Each structure stands twice: as C-alpha cells, then as structure tokens.
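Colleague: Following this message is one structure expressed as structure tokens.
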Amino acid sequence: MSKDVANHYSQGTLGDRIESGLKLAVGGDRPVTIDDLAPVDEFHIGGRPASVHLFDQLNLSPDDAVLDIGAGIGGTARFVAQTYGSTVTGIDLTPEFCEVAGQLNDLVGLSDKVDVVEGSALEMPFEDDSFSVAYMMHVGMNIEDKPALYKEIRRVLKPGGVLAIYDVLQGSNPEQLTFPVPWATVPETSFLATESEMRDYLVAAGFTVEKTTDRTQFAKEFFAAIIPPAGGAPPPLGIHLIIGNEAPTKLKNMVTNIGAGRCEPWEIIAR
C-alpha cells in the first residue's frame, strides 16, 4: 500500500517542472523566496492562508523542534522555519518529494533549518521524545491504520507536545467520493475518518483533543478562487505541478465532493 501511495505522487520530472515554472513566474533577476514557491509547495487546501491559520494557534518559537509528517516537497516546513524560527524535520514516503524538498531548501537558503527524510509515518526513524510540536497537513487520508499512526506520533513527541492536524475528513454524506481526488486515484488508497473517529483515535493514543475546527466554507472559497475558468490556462506555479495532468479533474471532483458533504477539511489540535 505504501508503494501505491508513493507512486501516486511521483512523476519523475517534478523538479524540472518547478524550475520551469519559477523561470516564468520569477525570472532570474532576484533570489527565489518561500513566497514565490508558496503556490506550488504548500500542497493543501487553502495553501499559505491555511498554514497561517493553523500555525498562529500554536505559539511556535525558535526553541521548538518541529516534525512535519508527510512533508511533501517541504513548503510548509520552510514556512514554519522562516516565520517562527523553528527547526523543522520532515518525513515523507515519496522519494522524489524528499529530493525536491532538499533542492528547494538550498534554493531559498533554509537547508540549515529544514530537513526532509524519506520514511513511513507508521515507523519513523526518530528517538522517543524528540519533538515539541508535530503537524500533519492533508496526510491522514492516505493512511488506513490511524490508531498506529497517532501512537507513533505520540512516541516521538515530548511529554506535553502539541499535535496539529489539517486533514480532509469524512463528511456527513456517506456517499462514496467521486474519484480521482488529489490524494487518491481510486477508493482503495483513500481512508477518510469522521471528526468523531479522529477524536477517538487520538484519545486512545494518549492525546487530549483541545480544539477542532470545520474549515469547509474556507475550502469552498479557496477552490472558487483558484480553479481557472473553462479554457483558461493555469499559472506557471501551482498545485497542478504536483497533482499532474489530471489536476483539472481532481480539483473539479474536490469541489463536487465538498459541496455534496462527502468530505470536509478540519483542523484538530491535541496534546
């Protein structure tokens, strides 16, 4: 299953596609910044505004050792490192994402603050009590064994450490999703939990859930703003570079699924 997930996200040409997009969007007249990369490397509903909304609730500081689970190409990790001064370690299942993350860390001068390693969230190569904060941005949808996931996160978090989750959850409508969606081409690699189930999994793993926030309306406004009109060309940099050639279909299906109540993005903060 983990190989299926990695294959879903891997294209083999992502670094080249981002480089080409940067040349069109930025040119070569100045250094590239994390703000330039944000349209493509914060690969979750809402992009940068969603990141700000979540992390401003966590009181992050330069003293925090932060874990990014399912870091992708490292966009959120770079945002956290530059904005709050924290040191961020990311882990991701997709080798290509880890490679591109390293290249982009170097490009924006954050390789001393951000490191993304290859590995599984269910068996992380970190010592117990290693991190003061952990977060997941649109990762749990690909992980079936959520009880094991949250127990593993609890293991690597220091006592009293904070876990912040921004994931797509099962909505009130029990109908099956329309596929493909950004995280899965077929139902066999999509594993959505309800908000109530998430609470139960976290409590069973030793967490106390402090806050949950439904971000559905925010998601609807986000998709209305980013989906180009029929026949319109996408921007040089955007999540379509990661989603691939099926980007228009996947985004259209997400709008349909969220509108029908089949799935909902939620924030969850626990410790």
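The values are calculated or read from the model by the stated rules, or taken from the named source; none is laboratory data. Computed from a predicted model, the values in this text were never measured in an experiment. Cβ atoms come from the backbone with ideal geometry, glycine included; neighbour counts cover every protein chain shown.
Colleague: Of all the residues that make up the range 179-226, how many are closer than 30 Å to Gly244 by Cα and in a helix (DSSP H, G or I)?
Modeller: Qualifying residue count for the region: 16.
Colleague: Cβ contacts < 8 Å: first residue more than 16 Å from Gly140 (Cβ to Cβ) and touching a residue at least 60 places away in the same chain (Cβ under 8 Å), restricted to the range 175-199; second residue surrounded by 13 or more Cβ atoms within 10 Å (Cβ to Cβ) and among the aromatic types (Phe, Trp, Tyr), any location; separation 6+ or different chain. Result?
Modeller: Thr185/Phe179
Colleague: Testing Asp64 on (1) of a type in the set (Asp, Glu); (2) more than 15 Å from the chain's Cα centre (by Cα); (3) closer than 18 Å to Pro182 by Cβ, one condition comes back false. Which one is that?
Modeller: (3)
Colleague: Then there is this: Being loosely packed, with under 14 Cβ neighbours inside 10 Å, in contact with a Pro (Cβ under 9 Å, 6 or more places away or on another chain), of a type in the set (A, V, I, L, M) and modelled with pLDDT of 95 or more: is that true of Ala204 here?
Modeller: yes
Colleague: Does Phe55 satisfy the condition of being of a type outside the set (Val, Ile, Thr), crowded, with 23+ Cβ neighbours inside 10 Å and closer than 25 Å to Glu264 by Cβ?
Modeller: no
Colleague: Looking at Thr213, Thr194, which one is in contact with a helix residue (DSSP H, G or I) (Cβ under 9 Å, 6 or more places away or on another chain), surrounded by fewer than 17 Cβ atoms within 10 Å (Cβ to Cβ), at pLDDT 95 or above and of a type in the set (Ser, Thr, Tyr)?
Modeller: Within the list Thr213, Thr194, the selection yields Thr213.
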